[in-house]
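No value in this document is a laboratory result; all are computed from the given coordinates. Predicted, not measured: the structure shown is a model, and the values here were computed from it. Cβ sites come from the backbone with ideal geometry, for glycine too, and all protein chains shown count toward neighbours.
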Amino acid sequence: YRDRELLTVTDYECAAIQALSDADYGHYSGGADDEVTLGENTRAFNDYMIRSHCLRDVASLSTSTSFLTHSLSHPIGVAPTAFHGLAHEQGELATVRGARAASSLMISSSWATTSLEDMKKEAGENPMWMQLFVYTDRELTQSIVRRAEAAGYSALVLTVDYPARGNRLADKRNGFELPEHLKSTTLPVIVKGVLRADDALEALRCGVKGIIVSNHGGRQLDSAPASIHALREVVEAVHEGKHRLFRVPVWMDGGIRNGRDIFKALAMGATGVFVGRPVIWGLAAHGECGVAHVLNILKEELEQTMKLAGCPTIESIRAANDIVVHKTFY
Ligand code: FNR
């Protein structure tokens with residue numbers, strides 16, 4: 001989708017405000033309580049500066065990378081978000097088509113308004129992961145897992161920061177274990193919602209194949225740290241020290257609104273990023289074309305940042321020494 005008015009994710013958010021009822025916009029945009037974490041998620045990216053290199057050959061640029069076994073043309077995935085039927089009449093089917101058009105790996109929400117089979121069918125060859133909550137109902141979990149396997153999903157994403165009603169999060173910090181019935185799957189399990197080194201290491205001990213640093217887009221525990229701040233702690237725990245032998249990919253979501261944010265996350269050790277609300281803004285404004293356009297805007301901004309920073313590949317961002325530093329450095 002091309003429109004002179006729609007050049008950034010923020011432009012798309014303005015268009016979504018026009019397209020959605022106040023109640024629906026409030027549902028998608030809002031965070032928990034005082035929305036401290038919601039605000040921090042986006043703001044905290046500005047705590048980091050990009051120390052660009054000059055004198056580098058950036059004539060041929062590539063954003064290609066891999067998420068587990070999938071070779072992807074860029075590191076920008078679609079985070080699981082609920083109820084796309086409120087944003088667009090075609091709901092998740094439009095999102096899936098937009099993600100496919102932009103070659104973005106998509107994580108489908110357990111609370112989709114479309115069946116998991118229909119979503120995967122629409123995705124065709126484009127990879128999809130299935131998000132699950134930690135249900136105490138063993139049979140329910142098993143039936144969802146079996147359906148996800150049969151439908152062709154290639155990983156399970158277990159959201160561990162929900163429900164936080166009451167003290168759930170405290171329980172988690174006292175040690176969480178993968179539900180026994182998830183071990184019975186052949187699909188790799190990824191945990192989403194980790195914010196601390198010790199939780200990340202416990203997840204590794206449970207055999208997870210990847211970690212998504214996330215505070216649920218500021219919708220769960222208000223005063224949780226910004227995801228970009230938590231990313232560093234988790235990456236250090238998982239990729240350095242004695243645990244590096246078991247290193248697994250670490251992704252992040254929360255507050256990503258432009259290509260510089262993505263560059264910063266990659267420089268700080270993320271394998272890739274996922275975006276939640278930006279995709280919803282695209283969906284609400286222009287359906288599948290809007291979704292694809294938002295993802296392409298982010299990809300193009302990432303490319304532009306890579307060029308200006310002197311990093312022609314994703315690997316070179318990760319390898320560059322101190323390419324992203326906290327602003328107190330200056
Ligand atoms: C979410 N998120 C979420 N996460 C999850 O695991 N399952 C879900 O069903 C949902 N639903 C959901 C609905 C809405 C409206 C939002 C905004 C978020 C959290 C989501 O996966 C992701 O962590 C955040 O959205 C990332 O932050 P940004 O990109 O929205 O800032």
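How do the peptides 231-237, 22-28, 113-119 rank, highest first, by the average count of neighbouring beta carbon atoms within 10 Å per residue?
Numbers: 231-237: 20.3, 22-28: 14.1, 113-119: 17.3.
Put in order of decreasing packing, that is 231-237, 113-119, 22-28.
Please work out the Cα convex hull volume for the chain and give it in Å³ per residue. Intermediate results must be reported in sequence, preceding the final value.
Values: hull volume 45.1 nm³, N = 330.
It comes to 137 Å³ per residue, whole-number rounded.
Once amide H atoms are placed 1.01 Å from N in the peptide plane, what residues at a sequence separation of 5 or more from T81, or on another chain, have their amide H within under 5 Å of its amide H?
Close amide H contacts, sequence-distant or interchain: S109.
If you place +1 on the Cβ of every Lys and Arg and -1 on the Cβ of every Asp and Glu, how big does the dipole about the Cα centre of the chain come out, in debye to the nearest 20? Show your work: numbers first, answer last.
Details: 34 positive and 40 negative charges, 185 e Å.
Around 880 debye, computed over the chain.
Using the number of other C-beta atoms within 10 angstrom as an exposure proxy, rank S109, S227 with the fewest first. Don't skip to the answer; put the middle values down first.
Working: S109 26, S227 29.
Ascending Cβ contact count within 10 Å gives the list S109, S227.
Using per-residue counts of other Cβ atoms within 10 Å, averaged over each peptide, order 266-273, 246-253 from highest down. Could you put the intermediate results ahead of the total?
Numbers: 266-273: 23.6, 246-253: 21.0.
My ranking of the peptides, most packed first, is 266-273, 246-253.
From the alpha carbon gyration tensor of region 224-329, can you work out the equivalent ellipsoid semi-axes (sqrt of 5 times each eigenvalue) and give them in Å, largest to smallest? Provide the component values of the computation, followed by the final result.
Numbers: eigenvalues 136, 56, 32 Å².
In descending order, the three semi-axes are 26, 17, 13 Å.
So, in the chain, how many Lys pairs have Cα atoms under 21 Å apart, if the pair is 8 or more places apart or on different chains?
For the chain, qualifying lysine pairs total 13.
From the residues T81, I50, G98, which one has its Cα farthest along the dipole of region 21-123 in the positive direction, the dipole being from +1 and -1 charges on Cβ of Lys/Arg and Asp/Glu about the Cα centre?
Selected residue: I50.
Grab the DSSP H runs of the chain that are 4 residues or longer, score each as -39,500 (n - 2.57), total them, divide by all residues and round the 222 nm result to the nearest 500 deg cm²/dmol.
Details: 12 runs with 136 residues, N = 330.
So the helix-based figure for the chain works out to -12500 deg cm²/dmol.
Test of understanding: in a Gaussian network model of the chain with alpha carbons linked when under 10 Å, which of R260, R56, R277 would top the mean-square fluctuation ranking?
Highest fluctuation among the options: R56.
How large, in Å, is region 198-247 by the Kirkwood hydrodynamic radius built from its alpha-carbon pairs?
Numbers: mean 1/r = 0.0863 Å⁻¹.
Computed over region 198-247, the radius equals 11.6 Å.
Based on Cβ point charges of +1 for Lys and Arg and -1 for Asp and Glu, what charge dipole magnitude is obtained for region 8-159 about its Cα centre, in debye rounded to the nearest 20? Intermediate values should be presented prior to the final figure.
Working: 10 positive and 19 negative charges, 143 e Å.
About 680 debye.
Hand me the GluC sites (Glu not before Pro) from region 36-110 located in a DSSP loop with no more than 11 other Cβ atoms within 10 Å, in residue order please. Kindly include the intermediate steps, with their values, before the conclusion.
Numbers: sites: E40, E89, E92; in loops: E89.
Sites meeting the loop and neighbour criteria: E89.
So how do F329, F83 line up by other beta-carbon neighbours within 10 Å, fewest first? Mind showing how you got there, number by number?
Details: F329 10, F83 16.
Going from least to most buried by this count: F329, F83.
Around K192, which amide H atoms from residues at least 5 apart in sequence, or from another chain, sit under 5 Å from its own amide H, with H modelled in the peptide plane?
L158, T159, V160, I212
Please give the peptides 70-78, 42-50 ranked by average Cβ packing (other Cβ atoms within 10 Å per residue), highest first, as a rough proxy for protection. It would help to have the intermediate numbers written out before the result.
Values: 70-78: 20.6, 42-50: 17.6.
Packing order, densest peptide first, comes out as 70-78, 42-50.
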